[in-house]
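**Student:** One structure coming up, written as structure tokens, with questions to follow.
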């Protein structure tokens, strides 16, 4: 399987929206663990490549990317890992939401997605709903979207592409073909094909993603020189891991150095600033109050 030629699909959404389960549904196997954020490794984006209905897909599961309550350093590390997994850029974004009321919390996630990438990313996106069993009998997801002004606007920005799954109840073939994950996977793949065709086979990228890809390629060259008979897929994975670990180590060193400099320098600078201000103030008060011959 040619991993380097796979379609890179990054899945984004609020924690608990069913991203990992949806990834497993699309791939047809349970590759991604559900609710596994207790493991420090799985708090970050992970990827899996598999052939699905004649297409080689790399799904990037970013379940923990927008997890609330994380430290600033943890958030930065999570964002970097997402960038590494989808570098040099994703062919498509799947914005994952549940079939429920679209609240300010969901709107904030969309804002964060656009901030992390850009609003242009929506041109490469499809909106995918989970918990499809919550749809009223006979209703299609397009009607559910039409009932919400905010959702309608989001789907419009995503080229009108929206799909619905139910990772728990729609596994088996049902009388209603629409309420079948197998049917929905086929429809979703058509949307991904449409996105790729619309952009002439290209993918979304930006300066940051290009910088990350350059660093990964540099690491790949180093690994090739020192390792013989290593397949390209393993070289790529090792290069990604090496770059991520090196970046974290560099950030930790810079953070420690900054704290050390602040402890060492700030008291001295404060004393200098206070001394200068005090001297100026003393002179000003002397001239204004104690020097009656000074012309004001």
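**Student:** Using the 10 angstrom Cβ neighbour count as an exposure proxy, how do 99, 3, 145 rank, fewest first?
**Tutor:** Least crowded to most crowded, the residues run 3, 99, 145.
**Student:** Classify the stretch 72-150 as rounded, prolate or oblate, taking a ≥ b ≥ c as the square roots of the eigenvalues of its Cα gyration tensor: rounded when a/c is under 1.5, otherwise prolate if a/b is larger than b/c and oblate if not.
**Tutor:** Here the stretch 72-150 falls in the prolate category.
**Student:** Just to be sure I understand: of the beta bridges DSSP finds with both ends in the stretch 3-205, what percent are antiparallel, rounded to 5?
**Tutor:** 25 percent
**Student:** Pop a pseudo-label 7 angstrom from the Cα along the beta-carbon direction at both residue 3 and residue 208 and give the gap in nm to one decimal.
**Tutor:** Here the answer is 2.4 nm between the modelled labels.
**Student:** Quick one: length gained pulling residue 74 to residue 250 fully straight, 0.36 nm per residue minus the C-alpha distance?
**Tutor:** Full extension from residue 74 to residue 250 adds 61.9 nm.
**Student:** Using only alpha carbon pairs under 8 Å that are at least six residues apart, calculate the relative contact order of the stretch 3-205 and give it in whole percent.
**Tutor:** Relative contact order of the stretch 3-205: 22 percent.
**Student:** Starting from one equal scatterer on each C-alpha and no solvent at all, send me the Debye-based log10 I(q)/I(0) for the stretch 3-205 at q = 0.12, 0.18 Å⁻¹, two decimals.
**Tutor:** Scattering profile of the stretch 3-205, log10 relative to I(0): -0.56, -1.37.
**Student:** Divide, for the stretch 1-115, the radius of gyration over alpha carbons by 2.2 N^0.38 Å, where N is the residue count.
**Tutor:** 1.04
Here, each number is a calculation from the coordinates, and none is a lab measurement. The structure presented is a predicted model; accordingly, all values stated were derived computationally and were not measured. Cβ: placed from backbone, ideal geometry, glycine included. Neighbour counts: every protein chain shown.
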